[in-house]
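First comes the structure, then the notes that go with it.
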Protein chains: 4
Amino acid sequence: MAIDHKDEDPRELVASLCKDFYKLGWVTGTGGGVSVKKGDSIFLAPSGVQKERIKTDEVFIVDFPTGAFRFEPEGLKCTECYPLFMSAFRLRGAGAVIHSHSQNAFMATLMYPGKEFVVTHMEMIKGLRNAVDQRAYRYDEKLVIPIIENTCFEKDLTESLTRAMSDYPAACAVLVRRHGLYVWGDTWQKAKTHAECLDYLFETACKMKAAGFDPTAPE
Amino acid sequence: MAIDHKDEDPRELVASLCKDFYKLGWVTGTGGGVSVKKGDSIFLAPSGVQKERIKTDEVFIVDFPTGAFRFEPEGLKCTECYPLFMSAFRLRGAGAVIHSHSQNAFMATLMYPGKEFVVTHMEMIKGLRNAVDQRAYRYDEKLVIPIIENTCFEKDLTESLTRAMSDYPAACAVLVRRHGLYVWGDTWQKAKTHAECLDYLFETACKMKAAGFDPTAPE
Amino acid sequence: MAIDHKDEDPRELVASLCKDFYKLGWVTGTGGGVSVKKGDSIFLAPSGVQKERIKTDEVFIVDFPTGAFRFEPEGLKCTECYPLFMSAFRLRGAGAVIHSHSQNAFMATLMYPGKEFVVTHMEMIKGLRNAVDQRAYRYDEKLVIPIIENTCFEKDLTESLTRAMSDYPAACAVLVRRHGLYVWGDTWQKAKTHAECLDYLFETACKMKAAGFDPTAPE
Amino acid sequence: MAIDHKDEDPRELVASLCKDFYKLGWVTGTGGGVSVKKGDSIFLAPSGVQKERIKTDEVFIVDFPTGAFRFEPEGLKCTECYPLFMSAFRLRGAGAVIHSHSQNAFMATLMYPGKEFVVTHMEMIKGLRNAVDQRAYRYDEKLVIPIIENTCFEKDLTESLTRAMSDYPAACAVLVRRHGLYVWGDTWQKAKTHAECLDYLFETACKMKAAGFDPTAPE
């Protein structure tokens, strides 16, 4: 489906995606992150740096089966999201994972005070893949994304995030209340598509609620 | 009127417009699309790809009179909008067709629950062309864009879209509820101008309604 | 004050400003425009073209004292704003005039239904120049921009625009209801600064009104 | 933590940051500013110029201990924020100071009519550093940024700004009512991170208040 660009350098890809996501407001203030899998290597954006100015030699490389570092850029710290990213690679066979601090994700977790973000009858739902049925969602289906509560330390999210992954096997993402979004896909293109469609759905669902419409029902 | 740039490569044009429209939020999540006619060839952006990263050799080419493919990029799928684009080329003599998933188009179809989007007394109306009278709309006229209901499969829109084209011969666009916009023009410049003016009108009409103003009447 | 860049080509400047203003949403849909004076020549962006893609050889050149065309790009039409731009050059000694279709200007003319846009106690007021007192506005002064009613044809605005210029000699801009803004300055830098400050003030004044604050009074 | 890029030219850095902040809407209309310290030199963006078009030879250089100018670009004026920037360099040992006219900062000072901007339980709080405890804020702590009243002349802010710095020793920023933000950090990366996190918090706090949520309390 999506083009493979087989010879693309995954470190350039991580740097380029960080730059793009910075412009979208997903990784400002050094928040958020991107990781991509190629073969048995995981490529991770470093922590605490200006995401729009990452250089290729600042990208961490991890051996997938063992989790050992293959390359650690000098003077840089690996992201605290590392165990969360690994959960998606291991439990879901993800090809890429994106962590976004988008304001739309943040606001959606307030506008949906329960444990689920739900929308239906919105065209952009079709851009998301149901991981159980191995097909795209239909326009008239309910898309459900689980919402977990935030913790003071990012690594403490691991348990509730993996539980949400197991409780919602069809979902390609988990929202974290007052924090942001973890979203993945089989390839970096799929992960990015899921992230963009969800961000659109978060934003329009909030706009709909503000204007008196119910995004969880057809009419 | 608009400059022709006769020697412009239509594949570069399609790629460049997709990049521009991505920045405007019209084709994110691989949604939306662009197609351009040059001579008896139609050039179409592929389906399911990152619209801001399309390469010229990833653009489909279709023979206009017959509808047969002249060039199919390997491993790529032609857009599902293909029959909808062809309707505008065949029934309206369009030179280019744009399919936008703009949030402004989406919200406009909610704020106008009936079968028509209507605005008047807004300067940007003058950027749109009345296809019956073969002239630009006046500032004090009513601009009417038909709204059709969405379907689960994009190709199932073809019938209602062509009916809307015939019911509203003056209109240069059709809105699809909870989905987006199909808009066209005699040239790619006209199609883009129509798309930009309509997006402005959708957004301001929603702002006006939220602030208590009626966009369908002068005062 | 502002840097002169004396050797800058005014046609490149017009093209570059149009590109920048397109990104700000001021000249989308081929609307709006830019004109710059250098010596006794006026340089004008053409009408009805994609403002972000203007080439230097598509810029009109007019002899200032006589108003005669020095250069008319083949196949292009001069902007209908021409007489409005000339009013600012002639009556106000402007070095540049910008016509913006910004949504913020549009909405401000609705949120201020009378004949004046008024704000005070906002830092960005200080970026505007009082043409009578020949100094910048103070933070605690009232900034007043006249609002004129729109007409069906742009040239029919000339009379009311020149009257507003004479009624409001301190103002560096005129708002047109449900249309946009004409703004000028002694140099292109001043005109651009005025345009940016006003756009900020239009947008924040509308936000303030929506949130229950009165932008025309200190508290 | 953050990468040092030791050989980076501070004048290029100032120009590049101004360009980036212009795109974010922080330094439009020639407002706002940026200054960076390297060794015993302070580099300052000039006043009254288009911040997105600054050239390296237009950047002021000041000797830190004495405050004397080392380089004054011909025909340009040093920013009026100079004494305010120096307060952060001297009293807080800042490595960089940013002055932003962001609309989000402006609106936050209206939505918080008292003397403090307060938020808690928002992930982006963790991007800010508590200068007293020499550590990042926790997610569940209250972040407090002092708000001072605006004055007609920027230099008259110096006294109240330095007082706020001494009254709020943990804070890395001071808001100015109806004006904007002064924010600093040990390095330019830290200052930029603080600025981005605060801007996110200002914007979301305003959105939360508009939607009926209290950003100063957990629930």
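Evaluated against (1) touching a residue at least 40 places away in the same chain (Cβ under 8 Å); (2) in contact with a strand residue (DSSP E or B) (Cβ under 6 Å, 6 or more places away or on another chain); (3) in a loop (DSSP other than H, G, I, E, B), C:E80 falls short on exactly one condition, (2). Among the residues of the range C:52-75, at least one is under 18 Å from the mean Cα position of the chain (by Cα), at the interface with another protein chain (Cβ under 10 Å from one of its Cβ atoms) and either small (G, A, S) or assigned to a helix (DSSP H, G or I) (or both). Just one residue in the set D:V27, D:V62 is among the aliphatic types (A, V, I, L, M) and touching a helix residue (DSSP H, G or I) at 6+ places or on another chain (Cβ under 6 Å); that residue is D:V27. Looking only at residues of the range C:168-205 that are more than 13 Å from every other protein chain (Cβ to nearest Cβ) and not in a strand (DSSP E or B), we find that the one that is nearest to C:G25 (Cα to Cα) is C:A171. Scanning the range D:122-140 for residues that are over 15 Å from D:L198 (Cβ atoms), within 14 Å of chain A (Cβ to nearest Cβ) and not aromatic (F, W, Y) yields D:R135, D:R138, D:D140. If you take the residues in the range D:38-51 that are in contact with a Cys (Cβ under 9 Å, 6 or more places away or on another chain) and assigned to a strand (DSSP E or B), which one is surrounded by the fewest Cβ atoms within 10 Å (Cβ to Cβ)? This residue is D:L44. Cβ-Cβ distances below 7 Å connect the following pairs, each with a first residue in the range C:28-45 that is within 17 Å of C:K190 (Cα to Cα) and of a type in the set (F, W, Y), a second residue that is crowded, with 24+ Cβ neighbours inside 10 Å and at pLDDT 95 or above, and a separation of six or more residues or different chains: C:F43/C:V14; C:F43/C:S35; C:F43/C:V36; C:F43/C:V59. Filtered by the rule that a residue be within 14 Å of chain A (Cβ to nearest Cβ), buried (at least 22 other Cβ atoms within 10 Å of the Cβ) and in a loop (DSSP other than H, G, I, E, B), the range D:84-121 gives a lone residue, D:S102. Screening C:S35 on (1) touching a Leu at 6+ places or on another chain (Cβ under 7 Å); (2) closer than 30 Å to C:P218 by Cβ; (3) of a type outside the set (D, E, K, R) shows it passes everything except condition (2). Restricting to the range D:70-88, name every residue that is over 19 Å from D:D156 (Cβ atoms) and in contact with a Phe, Trp or Tyr (Cβ under 7 Å, 6 or more places away or on another chain). Within the range D:70-88, D:F71, D:E72, D:P73 qualify.
Within this structure, C:T56 fails the test of being without any contact (Cβ under 8 Å) to a residue 60 or more places away in the chain and in contact with a Pro (Cβ under 9 Å, 6 or more places away or on another chain).
The residues in the range A:52-71 that are buried (at least 19 other Cβ atoms within 10 Å of the Cβ) and either of a type in the set (A, V, I, L, M) or in contact with a Lys or Arg (Cβ under 7 Å, 6 or more places away or on another chain) (or both) can be counted, and the count is 3.
Here B:D140 meets each of (1) touching a residue at least 24 places away in the same chain (Cβ under 8 Å); (2) not in a loop (DSSP other than H, G, I, E, B) with one exception, condition (2). Would you check if there is a residue in the range C:141-153 being more than 15 Å from the chain's Cα centre (by Cα) and aromatic (F, W, Y)? Scanning the range C:141-153, I find at least one residue that is more than 15 Å from the chain's Cα centre (by Cα) and aromatic (F, W, Y), so the answer is yes. The residues on offer are C:M208, C:M165, and the sole one that is surrounded by 19 or more Cβ atoms within 10 Å (Cβ to Cβ), farther than 26 Å from C:D20 by Cα and either without any contact (Cβ under 8 Å) to a residue 12 or more places away in the chain or within 14 Å of chain D (Cβ to nearest Cβ) (or both) is C:M208.
The values are calculated or read from the model by the stated rules, or taken from the named source; none is laboratory data. As the structure is a prediction and not an experimental result, all values here were calculated from the model. When we count neighbours, we look across all protein chains shown, and the Cβ atoms used for this are built from the backbone with ideal geometry, even at glycine.
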